[in-house]
Amino acid sequence: MTPIEKKLMQPMVKASKDYRMIEANDRIMVCMSGGKDSFGMLHMLQLIQRRSPFPFSVVAVNLDQGHPGFPRERLEEYFKSLNVEYKMLYRDTHSIVIEKIPSGKTFCSLCSRLRRAILYDAAVELGCTKIALGHHRDDLIETLLLNLFYSGQLKTMPPRLTSDDGRNVVIRPMAYCAEEDLVVLAQEQSFPIIPCDLCGSQENLKRQQIKALVNQMHSENHHVKGNIMAAMGNVTPSHLLDPVLRELTAFGPSSQEDPLTFLHAPMEAK
């Protein structure tokens with residue numbers, strides 16, 4: 001292995017152990033968008049597969065969503081060169097997104113929801129036990145802050161998630177990996193990267209603003225990203241404001257009498 005492969009291997013193995021991502025006899029659907037992250041994920045999973053003490057298999061799956069000019073043949077040629085099992089899917093969700101989303105608005109949310117539904121069904125049809133997505137440490141950090149700033153929620157992308165209907169298990173094997181390391185791997189391996197700009201809606205996204213903010217802070221203090229990741233795994237529920245957590249921690253059941261009830265009682269007439 002090259003130095004960068006060794007550097008990425010450690011956090012991937014640790015994340016897998018922490019969240020039971022890769023298990024014996026798994027058949028993992030590796031979702032391939034054509035970006036550096038999905039290429040890196042497939043590359044590293046194949047390395048892990050060759051060194052794993054237990055058997056598991058991978059199938060690379062690409063979904064062509066009908067974006068004009070999408071070079072699917074570039075991906076298919078790459079899969080063939082790896083001698084990896086693969087499946088090329090086609091669903092024209094691009095036309096649906098163009099129809100539903102007003103001009104000038106961001107397509108990403110609806111596009112991703114449609115893509116997720118298609119991939120969930122495909123995983124069942126292919127007999128896959130896990131669906132692997134190529135999100136990394138920086139994605140988790142940015143999602144946490146996006147939810148905090150713009151949605152009023154304290155949550156991020158979970159490393160392992162069971163779908164609501166129980167049919168699928170989604171894993172993010174690179175949850176502990178730094179994006180900067182995946183950039184180095186992509187350059188080293190010369191992945192045939194397909195940029196996610198085919199729909200023309202990628203400019204001025206809030207995620208890019210958050211990324212710039214985090215990178216600026218990290219350049220001033222190289223512990224920032226590590227500290228944010230650590231914070232997501234070091235939660236003090238009693239020091240948050242969620243009413244469910246409040247009842248489970250500091251204050252007990254809501255049936256207990258409020259000691260400040262007298263403040264809300266109507267004043268007696270004199």
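Which count do you get for residues in the range 75-95 that are open to solvent by less than 30 Å² (accessible area, probe 1.4 Å) and hydroxyl-bearing (Ser, Thr, Tyr)?
Matching residues across the range 75-95 total 1.
Please determine, by comparing only the residues of the range 97-119 that are open to solvent by 70 Å² or more (accessible area, probe 1.4 Å) and over 21 Å from HIS135 (Cβ atoms), which one is modelled with the highest pLDDT.
Checked the range 97-119; the qualifying residue modelled with the highest pLDDT is ILE98.
Restricting attention to the range 180-193, which residues are touching a residue at least 60 places away in the same chain (Cβ under 8 Å) and open to solvent by 30 Å² or more (accessible area, probe 1.4 Å)? Spell out the reasoning first.
Restricting attention to the range 180-193, the residues satisfying the condition of being touching a residue at least 60 places away in the same chain (Cβ under 8 Å) are 181-186, 188-189, 191-193.
Scanning the range 180-193 gives VAL183, VAL184, GLU188, GLN189, PRO192, ILE193.
Restricting attention to the range 211-248, which residues are of a type in the set (Ser, Thr, Tyr) and part of a helix (DSSP H, G or I)?
SER219, SER238
To keep it simple, each residue is scored yes or no on (1) crowded, with 21+ Cβ neighbours inside 10 Å; (2) within 16 Å of LYS130 (Cα to Cα); (3) without any contact (Cβ under 8 Å) to a residue 12 or more places away in the chain.
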{"site": "MET1", "(1), (2), (3)": "no, no, no"}
{"site": "GLU5", "(1), (2), (3)": "no, no, no"}
{"site": "MET9", "(1), (2), (3)": "no, no, no"}
{"site": "ILE22", "(1), (2), (3)": "yes, yes, no"}
{"site": "PHE39", "(1), (2), (3)": "yes, no, no"}
{"site": "LEU42", "(1), (2), (3)": "yes, yes, no"}
{"site": "ILE48", "(1), (2), (3)": "no, yes, no"}
{"site": "VAL59", "(1), (2), (3)": "no, yes, no"}
{"site": "GLU73", "(1), (2), (3)": "no, no, yes"}
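Testing ALA15 on (1) free of Cβ contacts under 8 Å to residues at least 40 places away in the same chain; (2) in a helix (DSSP H, G or I); (3) of a type in the set (Gly, Ala, Ser), one condition comes back false. Which one is that?
(1)
Give the residues of the range 24-36 that are open to solvent by 30 Å² or more (accessible area, probe 1.4 Å) and modelled with pLDDT of 95 or more, sorted by residue number.
Across the range 24-36, the qualifying residues are ALA24, ASN25, ARG27, LYS36.
Can you name the residue in the range 120-162 that is of a type in the set (D, E, K, R) and surrounded by fewer than 17 Cβ atoms within 10 Å (Cβ to Cβ) and, of all such residues, is nearest to LYS225 (Cα to Cα)?
LYS155
The values are calculated or read from the model by the stated rules, or taken from the named source; none is laboratory data. The shown structure was predicted, so the numbers you read here are calculated from the model rather than taken from an experiment. Note that we place each Cβ from the backbone using ideal geometry, even for glycine, and neighbour counts take in every protein chain shown. Surface areas here come from the heavy atoms of the whole protein model, side chains and all, with no ligands, DNA or RNA. Shrake-Rupley method; radii C 1.70, N 1.55, O 1.52, S 1.80 Å.
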